[in-house]
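The values are calculated or read from the model by the stated rules, or taken from the named source; none is laboratory data. Being a predicted model, the structure only gives us computed values, none of them experimental. Note: ideal-geometry Cβ built from the backbone for every residue, glycine included; neighbour counts use all protein chains shown. When the accessible area is computed, the model is the full protein with side chains, heavy atoms only, and any ligands, DNA or RNA have been set aside. Shrake-Rupley method; radii C 1.70, N 1.55, O 1.52, S 1.80 Å.
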Amino acid sequence: MRVLVAEDQRELADSVARVLRREGMAVDVAYDGTSALERTTVTDYDVIVLDRDLPGTHGDDVCRTLVAGDATARILMLTASGTIAERVEGLGLGADDYLPKPFAYAELVARIRAVSRRAGPTTPPILIHRDLRLDPALRIATRAGERLALTPKEFAVLEHLLAGHGRVVSAEELLERVWDEAADPFTTTVKATVNRLRAKLGDPPLIETVPRAGYRI
């Protein structure tokens, strides 16, 4: 999942980004509304965590612009005010969900996963292929009943491949959806991560390399 965190309180923004990355998400951060809009023109995000009171371009205007344009990202709006009137107004701007500050990180993660499921085809809560099971919410993957010790990136790659239901997923797509803007597009990190994942999955092999196209399960 690719997420943009648009929050002007740098300590909070960076803290949220760290938490989401530990959950296997690819996260970019913008500290003002103008930068947030600029990033949406070059990256297709699944979810945008949007502070309502952003400097530069106000969060309300960022939301209006995204809703009026071609963006498919779901918007989770944050605000220091938790009144019902504020929530109704925020949702009226086109936000998909609304979370008042202060918030628990566990709830933020759950809400991000919930709104992301509305962005595309329905994905089963548990992804299963043969004897492989992956639970995105609990961050648990097992094969033949044995839990797999996966890093966040390995888990995210496996989740993306399983969600493809046999579709070939290119290395470029994995780099876009699993890593963030800091990733070098010419790196071999995708190949290395897939190779480590293959080793941890064991035999018989589940991940197929499709020459000059990508990977699939």
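For the reader, a short list of remarks on this structure follows.
- Of all residues making up segment 195-208, the number that are within 17 Å of His165 (Cα to Cα) and either surrounded by 15 or more Cβ atoms within 10 Å (Cβ to Cβ) or out of contact with any helix residue (DSSP H, G or I) (no Cβ under 9 Å at 6 or more places or on another chain) (or both): 3
- Meets criteria (surrounded by 15 or more Cβ atoms within 10 Å (Cβ to Cβ) and over 17 Å from Ala110 (Cβ atoms)) for Gly59: yes
- Residue satisfying condition, being of a type in the set (Ser, Thr, Tyr) and in a loop (DSSP other than H, G, I, E, B), within set Thr209, Thr142, Thr187, Thr193: Thr187
- Taking segment 1-118 and the helices (runs of 4 or more DSSP H) fully enclosed by it, the elements with 3 or more residues that are farther than 21 Å from Phe155 by Cα are at 10-22, 33-40, 59-68, 84-92.
- Residue, modelled with the highest pLDDT, within segment 174-194, restricted to residues that are open to solvent by 50 Å² or more (accessible area, probe 1.4 Å) and not β-branched (Val, Ile, Thr): Lys191
- A Cβ distance below 8 Å, combined with a sequence gap of six or more or placement on separate chains, defines the contacts here; from segment 1-25, residues that are touching a residue at least 12 places away in the same chain (Cβ under 8 Å) and among the β-branched types (Val, Ile, Thr) reach residues that are buried (at least 19 other Cβ atoms within 10 Å of the Cβ) and in a loop (DSSP other than H, G, I, E, B) in the pairs Val3/Met25; Val3/Tyr45; Val3/Asp46; Val16/Glu7.
- The condition of being closer than 30 Å to Val42 by Cα, assigned to a loop (DSSP other than H, G, I, E, B) and open to solvent by 40 Å² or more (accessible area, probe 1.4 Å) holds for His165.
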